[in-house]
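J.: This is the structure I want to talk about, given as structure tokens.
The values are calculated or read from the model by the stated rules, or taken from the named source; none is laboratory data. These figures come from a predicted structure and were not determined experimentally. Virtual Cβ from ideal backbone geometry, glycine too; neighbours counted across all protein chains shown.
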Amino acid sequence: MQRIAVVPGSFDPVTKGHLDVIARAAGLYDELHVVVVHNPDKSALLPIAQRVSLIERAIADAGIEGRIIVASWSMGLLVDYCTDVGASVLVKGVRSQLDIAYETPMAIVNRHLAGVETVFLLPDPQHAHVSSSLVRQVSALGGDVSPYVPAAVSEYLATAMTP
Ligand code: COD
């Protein structure tokens with residue numbers, strides 16, 4: 001039986017921290033879906049299609065594109081996407097107690113709703129401080145985001161965000 005997992009996130013934009021979790025999760029499962037989900041609690045910078053495209057480019061540049069599918073989901077419960085593609089596991093990165101507090105109730109509800117388990121990966125310490133919101137802030141103020149994001153993202157932000 002194929003082991004299929006989903007790595008969900010806002011990915012607004014994808015960071016080196018996300019990419020590290022994606023690469024490590026890809027090594028654990030037969031098929032990995034990276035799914036861009038609209039998070040209503042956050043105001044978005046990039047359109048969903050752009051986030052998908054940047055993840056695809058970052059994955060290709062990192063040479064880890066085999067067995068990884070990039071998609072978006074806006075049709076309701078994330079576990080419905082999991083059921084649709086036959087995934088039994090969600091993989092999430094947890095950087096702090098705050099992340100654990102945010103993710104724990106969702107993990108319990110997702111298991112109750114559809115029997116989908118959540119696996120938490122600790123971050124690489126090199127990227128543990130990185131978040132998309134930090135990247136958006138540094139970028140908006142004209143700073144260099146290349147230490148925090150894949151090259152495809154820093155190139156995109158340098159051109160798209162220039163007034
Ligand atoms: N290192 C390691 N992990 C990281 C890093 C880093 N530097 N940065 C972020 N992460 C992890 C986050 O902890 C998270 O697990 C994931 O990467 C994505 O992060 P973001 O910031 O891009 O995405 P979020 O946190 O806005 O995404 C939240 C989801 C959309 C995934 C979440 O809200 C969700 O699962 N929604 C499901 C909606 C649903 O079905 N709800 C009902 C049942 S609960």
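J.: Scan the range 68-94 for residues that are away from the ligand (no atom under 12 Å from the Cβ), surrounded by fewer than 22 Cβ atoms within 10 Å (Cβ to Cβ) and either within 16 Å of the chain's Cα centre (by Cα) or within 16 Å of Lys16 (Cα to Cα) (or both) and report the count.
T.: Initial filter on the range 68-94 (away from the ligand (no atom under 12 Å from the Cβ)): 68-71, 84-89.
If we keep only those that are surrounded by fewer than 22 Cβ atoms within 10 Å (Cβ to Cβ) as well, we get 68-69, 71, 84-86, 88-89.
Add one more test, that the residue is either within 16 Å of the chain's Cα centre (by Cα) or within 16 Å of Lys16 (Cα to Cα) (or both), and what stays is 68-69, 71, 89.
Of the residues in that region, 4 qualify.
J.: What's the number of the only condition in (1) touching a residue at least 60 places away in the same chain (Cβ under 8 Å); (2) more than 30 Å from Ala158 (Cα to Cα); (3) in contact with a Phe, Trp or Tyr (Cβ under 9 Å, 6 or more places away or on another chain) that Met75 fails to meet?
T.: All conditions are met except number (1).
J.: Being in a helix (DSSP H, G or I) and more than 14 Å from the ligand (Cβ to nearest atom) is the requirement here; does Ile59 meet it?
T.: So Ile59 fits the description; yes.
J.: Restricting the search to the range 101-117, which residues are within 9 Å of the ligand (Cβ to nearest atom) and surrounded by 12 or more Cβ atoms within 10 Å (Cβ to Cβ)? Step through it out loud before you land on a result.
T.: Within the range 101-117, the subset within 9 Å of the ligand (Cβ to nearest atom) is 102-103, 105-110, 113.
If the condition is that a residue be within 9 Å of the ligand (Cβ to nearest atom) and surrounded by 12 or more Cβ atoms within 10 Å (Cβ to Cβ), then Tyr102, Glu103, Met106, Ala107, Val109, Asn110, Leu113 are the ones that fit.
Conditions (1) within 30 Å of Asp80 (Cβ to Cβ); (2) over 15 Å from the mean Cα position of the chain (by Cα), marked per residue:
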site	(1), (2)
Phe120	yes, no
Ala128	no, no
Val135	yes, no
Gly143	no, yes
Pro150	yes, no
Ala158	no, yes
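J.: Also: Have a look at His38, His18 and point out the one that is modelled with pLDDT of 95 or more and either over 21 Å from Ala160 (Cα atoms) or not polar (S, T, N, Q) (or both). Working first, answer last.
T.: On the way: His38 fails: modelled with pLDDT of 95 or more.
Result: His18 is the single residue among His38, His18 that is modelled with pLDDT of 95 or more and either over 21 Å from Ala160 (Cα atoms) or not polar (S, T, N, Q) (or both).
J.: In the range 35-49, what residues are in a helix (DSSP H, G or I) and surrounded by fewer than 17 Cβ atoms within 10 Å (Cβ to Cβ)?
T.: Residue satisfying the conditions is Ala49 alone.
J.: Let me confirm something: among Ser146, Ser88, which residue is over 19 Å from Val14 (Cβ atoms) and either aliphatic (A, V, I, L, M) or modelled with pLDDT of 95 or more (or both)? Give the steps one after another, and end with the answer.
T.: Values: Ser146 fails: over 19 Å from Val14 (Cβ atoms).
When all the criteria are applied, what remains is Ser88.
J.: Whether any residue in the range 138-154 is out of contact with any Leu (no Cβ under 7 Å at 6 or more places or on another chain), closer than 20 Å to Val35 by Cα and in a loop (DSSP other than H, G, I, E, B) is what I want to check.
T.: yes
J.: Residues of the range 8-46 being closer than 14 Å to Ser88 by Cα and near the ligand (Cβ under 7 Å from one of its atoms), which ones?
T.: The one that is closer than 14 Å to Ser88 by Cα and near the ligand (Cβ under 7 Å from one of its atoms): Pro8.
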